[in-house]
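Enquirer: So that we are looking at the same thing, I have put the structure below in structure tokens.
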Amino acid sequence: MLTQKMEIYWAVKEMAKDLGFADSGCAAASEVSASVKDAYLYAKEAGFFAGMEYLHNNIEKRFNPQLLVDGADTVLVFLAPFSLPQGCTPPEGVSQYALGEDYHQVIKKKLFQIMEMLESRIEGFSGRAFTDSAPVLEREWGVRAGLGFVGKNNFLISPRCGIKNFIGTIICNAGLPPTVEMEPEKAACSAGGCGECTRCLDACPSGALCRSYTMDAGKCISYHTIENRRLKEDLAMGVVPNLGNRYYGCDACMDACPWNSRNLPGWKEFHTNRPMLQQARYEWWKGLTKEEFKANFKGSPILRGGLENIITALEWGRKQGNNG
Ligand code: SF4
Ligand code: SF4
């Protein structure tokens, strides 16, 4: 039985590789550690979730995947690279993760293919696929699956394939052996760390990385430009210092990280809008109707922030002397 599960483990790994995932791993679906819970509850109590009310919900399910998916015993974790190919300049003002198709859809399609394979090989298989769309502590599962460590900038960092990776998970009843047993050399990936480095903390323009491993979303430019529906008022109140020319997200704490040298080239689906965004300036955005905005960015993460926030951010930046 174990041999069969080991074979399926390697079949998942092989299929993930064929589908383009940079790495994959497996962990037992049990409760997260006390230190992970404490860090989450501390951030919640300190108000670091800002207006993201959904982070206050389903906390027990976040801490225990068995409460999220009936009968779960296995968490499979997959890294999908989104880095631009070498020599390709990213457009200004917009976060790299948003340059292409919506990663939720792109990644889930591939996770469903893996689930179909598991269904065909495991009697009574059941599971659910997630990509940043449910109460799942994805970075923690990446660590437990031997894929990397959480950096001081709060991203999952893989010593094998860098920092610019989306995380997809399948929580299921496959009963597969964990990566730390199947590939013991990977334990070192989770045990890695930032050492004395503080580049991300130093690079954060707004002081949102208030201390290592802790991010105050209420000060974070990514949160404000993408999620905040009161951006105009908050900008006027000085809540978002040093916005610069950013109008959708912020990559400063990610770009500062030396582990970028390990990034693998991202999937082409994640860059489809790059040429259009490279040309986009304030006048272009200002001239778009809501319908044109929706048509241009159909199936893109950029729809989430909304046209109004983009224009508000750009207008603020121009007032501050930027010319984006
Ligand atoms: S995304 Fe930007 S503002 Fe937010 S923590 Fe990172 S560097 Fe700071
Ligand atoms: S920039 Fe340095 S401190 Fe920050 S996550 Fe990367 S290695 Fe860690």
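Enquirer: Quick one: length gained pulling Gln113 to Arg318 fully straight, 0.36 nm per residue minus the C-alpha distance?
Expert: 69.2 nm
Enquirer: With +1 on each Lys and Arg Cβ and -1 on each Asp and Glu Cβ, how big is the dipole of segment 205-253 about its Cα centre, in debye rounded to the nearest 20?
Expert: It comes to approximately 40 debye.
Enquirer: Tell me, what is a quarter of the convex hull surface for the C-alpha atoms of segment 183-229, in nm² with one decimal?
Expert: Its average projected convex-hull area is 4.8 nm².
Enquirer: I've got another one for you. To the nearest µm²/s, what D does Stokes-Einstein give for the chain at 25 °C and 0.890 mPa s, using the Kirkwood radius over alpha carbon pairs as Rh?
Expert: Roughly 119 µm²/s, to the nearest whole number.
Enquirer: Taking the Cα atoms only, what angle lies between the long axis of helix 307-319 and the longest principal axis of the chain, rounded to 10 degrees?
Expert: In the chain, helix 307-319 runs at an angle near 50 degrees to the longest axis.
Enquirer: Can you tell which of Lys152, Lys290, Lys108 shows the greatest fluctuation in a Gaussian network model of the chain with Cα springs below 10 Å?
Expert: Among Lys152, Lys290, Lys108, the largest mean-square fluctuation in the Gaussian network model of the chain belongs to Lys290.
Enquirer: Positive end of the dipole of the chain, charges at C-beta (+1 Lys, Arg; -1 Asp, Glu), about the Cα centre: which of Ser35, Trp10, Ala72 has its Cα farthest in that direction?
Expert: Ser35
Enquirer: Put +1 on the Cβ of each Lys and Arg and -1 on the Cβ of each Asp and Glu in the chain; which of Ile310, Ser24, Trp141 then has its Cα farthest toward the positive end of the dipole?
Expert: The residue sitting farthest along the positive end of the dipole is Ile310.
Enquirer: Using 0.36 nm per residue of separation minus the Cα-Cα distance, give me the extension gain between Asp255 and Lys61 in nm, one decimal.
Expert: Using 0.36 nm per residue and subtracting the Cα-Cα distance, I get 66.7 nm.
Enquirer: Which one of Pro301, Pro258, Pro159 has the biggest mean-square fluctuation once the chain is modelled by GNM with Cα springs under 10 Å?
Expert: Pro258
Enquirer: Once you've got the Cα coordinates, tell me which of Lys164/Lys286; Lys17/Lys37; Lys108/Lys164; Lys232/Lys290; Lys110/Lys164 are over 20 Å apart.
Expert: From the list (Lys164/Lys286; Lys17/Lys37; Lys108/Lys164; Lys232/Lys290; Lys110/Lys164), the Cα-Cα distance tops 20 Å for Lys164/Lys286; Lys17/Lys37.
Enquirer: What is the magnitude of the charge dipole of segment 103-152 about its Cα centre, with +1 placed on the Cβ of each Lys and Arg, -1 on the Cβ of each Asp and Glu, and no other charges, expressed in debye to the nearest 20?
Expert: 200
Enquirer: Continuing with the same structure: Can you find, among Ser300, Thr198, Met276, the residue farthest towards the positive end of the dipole of segment 167-324? Put +1 on the C-beta of Lys and Arg, -1 on that of Asp and Glu.
Expert: Checking the options against the dipole of segment 167-324, the answer is Met276.
Enquirer: Please compute the modelled spin-label separation between Lys17 and Asp38, points set 7 Å along Cα→Cβ, answer in nm with one decimal.
Expert: With each label point 7 Å from Cα toward Cβ, the separation is 4.0 nm.
Enquirer: Could I ask something else about it? How large is the charge dipole for the chain, taken about the Cα centre, if only the Cβ atoms of Lys, Arg (+1) and Asp, Glu (-1) carry charge, to the nearest 20 debye?
Expert: Values: 36 positive and 37 negative charges, 149 e Å.
Its charge dipole is roughly 720 debye.
Enquirer: For the chain, with a Gaussian network of springs between Cα atoms less than 10 Å apart, report the residue from Gly100, Gly249, Gly238 with the top mean-square fluctuation.
Expert: Highest fluctuation among the options: Gly238.
Enquirer: Tell me, how many Å apart are the Cα centres for segment 129-160 and for segment 77-116?
Expert: Taking the Cα centre of segment 77-116 as reference, the centre of segment 129-160 is 15 Å away.
Enquirer: Residue separation times 0.36 nm, minus the C-alpha to C-alpha distance between Ala188 and Thr214: what's the value?
Expert: 7.0 nm
Enquirer: Any idea what log10 I(q)/I(0) is at q = 0.23 Å⁻¹ for segment 198-260, Debye with uniform C-alpha scatterers and no solvent?
Expert: -0.93
Enquirer: Further, regarding this structure: With the calculation restricted to Cα positions, what are the radius of gyration and Dmax of segment 112-260 in angstrom?
Expert: For segment 112-260, the Cα radius of gyration and maximum Cα-Cα distance read 18.5, 59 Å.
Any read-out appearing in this document is the output of simple, stated calculations on the displayed coordinates, not a laboratory observation. Because the structure is predicted, anything quoted here is derived from the model rather than measured. With ideal geometry, Cβ positions are generated from the backbone for all residues, glycine too; neighbour counts draw on all protein chains shown.
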